[in-house]
Amino acid sequence: MSKVAASNQKTFIGETTPRDAEFWKLSASMRDMRDLEAFRSFEELRRSHIEGVDYRVEERRGAINLLCAAWHGGRMELGSDILANAIAGERFHYYAFSALIPHSGRGDHPLHITSSRFNEPRLLRIAEASDMVFAIHCCSTAEGSRRIFIGGGARDGIKEGLIESLRAHDFNAGADRLFPGLHPSNPCNRGQRLGVQIEIPQDYMNWLLAHDERFDRLSTIISDYMAALAR
């Protein structure tokens with residue numbers, strides 16, 4: 001099955017110049033919507049939804065004690081779990097929370113829980129036991145944006161090093177100023193050396209899923225960078 005079929009999503013093809021003003025306006029609007037979410041914790045979600053019917057949780061242990069995770073996968077941030085799985089392979093631990101119920105297309109998915117409130121026990125257990133966490137997300141931006149945003153609490157130049165590595169392979173990458181991923185309750189920062197948050201515009205993720213060579217290149221760059229940190 002192709003990545004596109006697996007993600008059950010529309011693809012967007014073609015490059016345009018990012019419109020930064022529209023990006024910041026749209027992203028700020030999304031931030032305000034966090035207070036409108038139905039659930040303020042995973043326990044609240046669990047009480048009204050059924051695992052295996054409304055959502056799926058996957059976890060796998062790898063050879064290296066780093067975690068690649070996507071807790072807004074499935075029909076939420078489409079393709080985030082597919083990329084996290086590709087990055088992890090058999091090298092690293094893998095975790096995904098994937099929504100199985102459809103999304104109306106307006107606002108956040110009904111199962112979306114802000115990262116700082118997402119406290120699913122299996123994720124926290126594997127994250128806290130890991131040396132570092134790499135979290136994969138998709139974000140809404142001005143249509144056509146191809147910039148990959150890097151955040152998270154990792155120190156010692158780790159985020160900057162990933163940005164440089166992506167740029168060296170012709171990916172547009174930079175620091176995430178709007179959603180920096182610094183909250184201590186964010187699972188991204190539950191690793192022993194905290195972690196890195198990777199935000200990819202949704203329409204760009206759709207495009208990557210339709211272009212295997214570029215998708216595979218991105219997953220390999222991040223995976224190799226993670227492996228280098230473990231040496």
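The values are calculated or read from the model by the stated rules, or taken from the named source; none is laboratory data. Computed from a predicted model, the values in this text were never measured in an experiment. With ideal geometry, Cβ positions are generated from the backbone for all residues, glycine too; neighbour counts draw on all protein chains shown.
Within the range 89-100, residues that are in contact (Cβ under 8 Å) with a residue 60 or more places away in the chain reach partners that are of a type outside the set (A, V, I, L, M, F, W, C) with beta carbons closer than 8 Å, at six or more positions or on different chains, in the pairs Gly89/Gly62; Gly89/Ser223; Arg91/Gly62; Arg91/Ser223; Phe92/Gly62; Phe92/Ser223. A single entry from Glu164, Glu128 fulfils the requirement of being farther than 20 Å from Ala88 by Cα and in a helix (DSSP H, G or I): Glu164.
Looking at the range 47-69, can you tell me whether even one residue there is of a type in the set (D, E, K, R) and under 16 Å from Ala230 (Cα atoms)? Looking for residues that are of a type in the set (D, E, K, R) and under 16 Å from Ala230 (Cα atoms), one finds at least one in the range 47-69, hence yes. Taking the range 174-213 as the range and being free of Cβ contacts under 8 Å to residues at least 12 places away in the same chain and crowded, with 21+ Cβ neighbours inside 10 Å as the test, no residue passes.
Got a number for residues in the range 194-222 being among the small types (Gly, Ala, Ser) and over 14 Å from the mean Cα position of the chain (by Cα)?
Initial filter on the range 194-222 (among the small types (Gly, Ala, Ser)): 195, 210, 219.
Checking the rest, the ones that are also over 14 Å from the mean Cα position of the chain (by Cα) come to 210.
Of the residues in the range 194-222, 1 are among the small types (Gly, Ala, Ser) and over 14 Å from the mean Cα position of the chain (by Cα).
Got a number for residues in the range 167-180 being out of contact with any Ser or Thr (no Cβ under 8 Å at 6 or more places or on another chain) and not in a strand (DSSP E or B)?
Going through the range 167-180, the residues out of contact with any Ser or Thr (no Cβ under 8 Å at 6 or more places or on another chain) turn out to be 167-177, 180.
Okay, now just the ones that are also not in a strand (DSSP E or B), so 167-171, 176-177, 180.
The number of residues fulfilling the criteria is 8.
Output the residues belonging to the range 82-136 that are at pLDDT below 95, surrounded by 24 or more Cβ atoms within 10 Å (Cβ to Cβ) and among the polar types (S, T, N, Q). Correct list: empty. Hey, Leu124 hits all of (1) farther than 29 Å from Arg40 by Cα; (2) touching a residue at least 24 places away in the same chain (Cβ under 8 Å) but one; which does it fall short on? (1) is the only condition that Leu124 fails. Residues in the range 169-204 that are at pLDDT below 95 and of a type in the set (Asp, Glu): Asp176, Asp203. Restricting attention to the range 181-231, the residues that are of a type outside the set (S, T, N, Q) and in a loop (DSSP other than H, G, I, E, B) total 12. Checked against the criterion of being touching an Asp or Glu at 6+ places or on another chain (Cβ under 8 Å), of a type in the set (Gly, Ala, Ser), crowded, with 17+ Cβ neighbours inside 10 Å and without any contact (Cβ under 8 Å) to a residue 60 or more places away in the chain, the range 137-156 has at least one qualifying residue.
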